[in-house]
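Written below as structure tokens is the structure these notes are about.
The values are calculated or read from the model by the stated rules, or taken from the named source; none is laboratory data. Since this is a predicted model, take the numbers as computed values, not measurements. Cβ placement follows ideal geometry from the backbone for every residue including glycine, while neighbour counts extend to all protein chains displayed.
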């Protein structure tokens, strides 16, 4: 039977073979590493060689660097008597007849002339000089090397050098941060060489979408992060490398072990949908959280129309991650390790004095008008007398101290890189082990790996294979992090920390608002959630050079995500520590839930690229086609009522009465055709245009395709003949415009869905017939959400030390995809998803850096600031209210919609004389919050609410400092946001909320007649005085903050010490993260609550760590 052709099957077969190819390449790389010895066999394919060619071939095969004076080897030919032998054997055979000898120095072999009988080397001189900076200060560590590949040395602390060779000699001088200089040395003593600072940022090559170009040739707004600049920082998640990047806001909303809680926003928010940027790893869609930071070479952020080349998903910006690749040269081994301790960056200051707690609870109830209080004086006196005698009956529990502890972090990475011009490789492996701050069930492990091999198969064909992935294992609390955090906040100082087996202490006292008293330790220790994630990416590509300057590129990618989790909740009991009475805490236990999912992504890409240069004209033309398939499926099963706490498997219960199972699958496809034309003349005038035509299966036929064009121009002013400036060495003006897309809808939302329910059955001819009802209205005409992006910017460099980049941008998003509300109808219909809405987003950003050196002292400063505001222009005249937030035309996205608090009632007379009050006047008391009556009627209701504040910051900024002195380096990075608000909710956000505890702030500064100007109103309970706790501006807080994200002190051991041990470089460092935070908001971590108001997220962590970087 003839098999039908299947494109999906072809992708699968190639991806499967890619795994095998990647594994074979890894084995080859390891074998190559093992051959770096003097005893390695060298294969020579012919008998006669020019000596220079022979040495070059031996260098490629052995991995040793050969140093010699070209004059000593030129015009010398050798005849090989042994076609295969060791380095020693071949050198011993060919060098003596030529009057040469060799000397091994570490991983180098130095070839020189043999000495004459008097012991003097023939035709050798010592050339000397000093290297200075532009201010006349000596430069230490400058590499001085003869351009013919001969002698080399480096300058000492006085900038002096001595080089053996024949005068005149052409020599190059190289040092990071300075322009490389080539100069001819004479035998004159005391020659002075001056190096000028370089602007390396302008010379670096950056990735900007299917292309790599020099930074000074870029017309768009891009930011670049080089991971080599972060190598001494403790970075556990890749998003942390973006701190301080201009125009990028990283909000770390939680630090659960092994998980990246970062929210990334590029130039604010310009949609009512998901505002996450598109992340591509080596051109293929990937998750930033899944990439080990040690595997990354660089990160490029596309912020304006430069992202339009990615069309359909680029409206929120694009993050391009370039992984590390192999390089020709001797094999190098890099090892990095760090370990540290972690603790919560901020925790609520809850009352842990049981006597104070009971007194405050009674006072709050009395202030609320209650006469029967929760705790009698006799109980308080008994408790006071019992403190310190029996902690199980009379505890003084601080549940944050009991349920939380310090965490531990350790991370190790190793990498091998090497090869030749024909084939090169890199292979890396990493391991991370993180123990969280919960006392149990709070740890994660990550095993990461990657391998890449590049082979120049023929002069025209280059093949590349890559395999990258990770395995993550989690052990988490069974009830979930948010539930456990809420339980800890509900923990009272009168609750006992007693434990015996799965029986935990409770309290013998009445606890208002609590029907079934939890024990926070119990919910941390008992039960678990085990998760396994496996994510891999196989990337196979080729480049083939066609005639006429055309290159064909082909890429095949296969991404696979496997996820399995098991939730187990055992039977648990609490006990009255005084009476010994036990209570079954959870009746529907033990219970088990299994989840299994598999997601596959296939990507196929073809591109033709033409490049040509003539008379100062440079042209780049590219045309390409991409095709992507996403195929996902999941299954979930649940059961409860197991016989004991040792049975965790679903089939361990014969009675399947309580068993439940669900599952589903979905497939989506995306096809794209695109092209680009880039032109520049002498590097002065640059022009670029791109076109992309995308089709998505998420839309109905007839609306699946959309067009996304872009254009940009640039003018490098400093290259004009009329521009003469000693201070401005680079000045470029640029502008861009483009259309970007967003397919922000679920799969199949344009299709009608039906609910099948027995209540819909009806009788037809005496027979009951099943019925179904439409579940939701649909709109088959929905189409792409689109964004028009405009950007104007300037890049400038002053004195080759100070760089400045400034941009003004404006975005308008239209045809926003959103679900609309409809009036209630029979059958419970929900509204359809439609294209309705326009949002404007505009602002500016400035980034700057300064680098300088004074002798052994080097220093650099960097900083950026961004201002961005969004405004809803059109949502069809509707307003969408969700809790405390509102979306309304003329206002920012997710503005707050609240009553306006105007102070406190200071007396009963003021309450009686008030024109309008909220709630029942008789319930109000002095110290309660009063509210503005904006519409002037006699009631305070929703018509008096105001629109104010935003959970999206207007200002984001960051700055860093780096100071180096000889081998010591100190660097730090800060991040801040301003003009952002938070409305905290949760168990300790308000006093005794949900039967929870209260913070000490209410004891120190709540309203009393003697403290009328307090920070907080009259102490009441949340449930008994609702008038105080309605959604009002009183509880809206300024969440602006400045945080030290990182500080690192590093020491690089002198290379002269390490070279004796065969070590290329060794540095040790101490590092800290999140050590300092400055904010007016004191209740909780301001960064944690900026994107989510409740206090139930896993805390952000302070980290104190030490590490080493070791290079061979």
Report task. Would you mind telling me which numbered condition in (1) over 30 Å from residue 159 (Cα atoms); (2) surrounded by fewer than 19 Cβ atoms within 10 Å (Cβ to Cβ) residue 899 fails? Result -> (2)
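State all residues of region 471-498 that are on the phi > 0 side of the Ramachandran plot and surrounded by 22 or more Cβ atoms within 10 Å (Cβ to Cβ); if no residue qualifies, say none.
Of everything in region 471-498, nothing turns out to be on the phi > 0 side of the Ramachandran plot and surrounded by 22 or more Cβ atoms within 10 Å (Cβ to Cβ).
Among the listed residues 1067, 1056, which satisfies the condition of being over 30 Å from residue 359 (Cα atoms), without any contact (Cβ under 8 Å) to a residue 24 or more places away in the chain and not in a loop (DSSP other than H, G, I, E, B)? Working first, answer last.
Values: 1067 fails: without any contact (Cβ under 8 Å) to a residue 24 or more places away in the chain.
When all the criteria are applied, what remains is 1056.
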Query raised in the report: Going by the structure shown, is residue 468 in contact with a strand residue (DSSP E or B) (Cβ under 7 Å, 6 or more places away or on another chain) and either crowded, with 24+ Cβ neighbours inside 10 Å or modelled with pLDDT under 95 (or both)?
Result: yes
Requested in this report: Could you please let me know if residue 609 is part of a strand (DSSP E or B) and surrounded by fewer than 17 Cβ atoms within 10 Å (Cβ to Cβ)?
Outcome: no
Query raised in the report: Any idea which of 279, 321 is assigned to a strand (DSSP E or B), without any contact (Cβ under 8 Å) to a residue 60 or more places away in the chain and under 27 Å from residue 424 (Cα atoms)?
Result: 279
Query raised in the report: With region 349-431 as the region, which helices (runs of 4 or more DSSP H) entirely inside it contain at least 3 residues that are within 30 Å of residue 526 (Cα to Cα)?
Result: 354-367, 399-403
**Report entry** Residue among 551, 574, 536 that alone is part of a strand (DSSP E or B) and within 26 Å of residue 496 (Cα to Cα)
**Finding:** 574
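Hey, does region 614-621 have a residue that's buried (at least 16 other Cβ atoms within 10 Å of the Cβ) and assigned to a loop (DSSP other than H, G, I, E, B)?
No, that holds for no residue.
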